[in-house]
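Since every read-out is calculated from the coordinates, none of them should be taken as a lab result. Just so it is clear, the model here is predicted, and its values are computed rather than measured. Backbone-built Cβ (ideal geometry, glycine too); neighbour counts: all protein chains shown.
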2 protein chains.
Amino acid sequence: MKDLLKLDNQLCFPLYALSREIIQRYRPHLDEIGLTYPQYLVLMVLWENDKQTVNQIGHKLLLDSGTLTPLLKRLEQKQIVLRQRSTVDERVVEISLTNMGIDLKKKAKCIPEKLIQELEITQEEIDSIRSIADKILKLK
Amino acid sequence: MKDLLKLDNQLCFPLYALSREIIQRYRPHLDEIGLTYPQYLVLMVLWENDKQTVNQIGHKLLLDSGTLTPLLKRLEQKQIVLRQRSTVDERVVEISLTNMGIDLKKKAKCIPEKLIQELEITQEEIDSIRSIADKILKLK
DNA sequence: TGCAATTATATTGTGTGCAATATAAAAAAT
DNA sequence: ATTTTTTATATTGCACACAATATAATTGCA
């Protein structure tokens, strides 16, 4: 009878360890452009569509204001994004890229390929992880 | 030409989001026995082999003393583990389960099955994630 | 033996994550 | 038009992660 409380039999531990490990592999590359991994994710959202509300960013990254507000303030301090209260709806804060934020995309462009090479991961493996993640995350 | 800086094309983001999501699904169950997810992982290591050093635990969970020392102190305060300096080698701190820590295993026993059911994940999917994780993590 | 290098843990500081709560604005209901 | 409810963001508090550094004990080597 398999012991489900053994680490080797866990579902989440490999995900948790792998996710931290890959973020570590990103670090040297992200250090060069002065970003943390979550900050890089936020910028990826903005590079795809500039000017989004805190809510929209949080919805895409599954992060709440408790995480995003201080993160966005740090990006604002680094002059990478602007935070502006909407005049139409005063509750909303709109986040947009500065020129520096826009330029960062060029410097970040090479990072994903480098990672894939360093990790020696195949496209099938990436797709496999993504399809499992999509299935579970969409249950929400 | 696929934009590798799009969130949809990321390798790590699904892992990062899925790992956080699953830890959230654990929360209500772990709340009942007063543990966080990383604390639960430490206990799983100790349930399998009682009395291990901080180093041994850290090696299995890929966590360093900066994370483990305060976490273990919290487990000690809750009287779930003991922390004792080895008399043979004064640098080493040995972590062992208290009776309360041993008893917790019974209460935790049902958690993994519940999670697998709630997530509606198959054994193939679990194995697939684990084999990819093992491959990348063993490169270290 | 004596001293340099290594090892094990602890500490400090920064940046997440996230629950719980607060605040203020907008929308809905009466 | 008020009141109630909902919505968007911010704040607080706690627990990780992890880099960098510190400290003390042990090992290895000249």
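Observations
- Some residue of the range B:79-97 being assigned to a helix (DSSP H, G or I) and either within 13 Å of DNA strand D (Cβ to nearest atom) or buried (at least 19 other Cβ atoms within 10 Å of the Cβ) (or both): no
- Just one of the numbered conditions (1) in contact with a Ser or Thr (Cβ under 8 Å, 6 or more places away or on another chain); (2) within 28 Å of B:Lys60 (Cα to Cα); (3) within 16 Å of DNA strand D (Cβ to nearest atom) is not true of A:Ser128: (3).
- Considering B:Lys78, B:Lys60, the condition of being charged (D, E, K, R) and closer than 24 Å to A:Leu18 by Cβ is satisfied by B:Lys60 alone.
- Matching residues in the range A:77-131 - criterion: being on the phi > 0 side of the Ramachandran plot and at the interface with chain B (Cβ under 9 Å from one of its Cβ atoms): A:Glu120
- Within the range A:1-18, considering residues that are facing chain B (nearest Cβ under 7 Å) and part of a helix (DSSP H, G or I), the one farthest from A:Arg130 (Cα to Cα): A:Leu7
- Some residue of the range B:46-59 being facing chain A (nearest Cβ under 9 Å), surrounded by 14 or more Cβ atoms within 10 Å (Cβ to Cβ) and under 26 Å from A:Ala133 (Cα atoms): no
- Filter pass, A:Lys105 being in contact (Cβ under 8 Å) with a residue 12 or more places away in the chain and surrounded by 13 or more Cβ atoms within 10 Å (Cβ to Cβ): yes
- The number of residues in the range A:19-43 that are without any contact (Cβ under 8 Å) to a residue 12 or more places away in the chain, within 13 Å of another protein chain (Cβ to nearest Cβ) and not polar (S, T, N, Q) comes to 3.
- Every residue from the range B:19-52 that is away from DNA strand D (no atom under 13 Å from the Cβ), in contact with a Lys or Arg (Cβ under 8 Å, 6 or more places away or on another chain) and in a loop (DSSP other than H, G, I, E, B): B:Ile33
- Criterion violated by A:Ile33 - all others in (1) surrounded by fewer than 18 Cβ atoms within 10 Å (Cβ to Cβ); (2) among the β-branched types (Val, Ile, Thr); (3) within 12 Å of DNA strand C (Cβ to nearest atom) satisfied: (3)
- The set of residues in the range B:80-117 that are of a type outside the set (A, V, I, L, M, F, W, C), under 20 Å from B:His29 (Cα atoms) and under 19 Å from the mean Cα position of the chain (by Cα) comprises B:Gly101, B:Asp103, B:Lys105, B:Lys106, B:Lys107, B:Lys109, B:Pro112, B:Glu113, B:Lys114.
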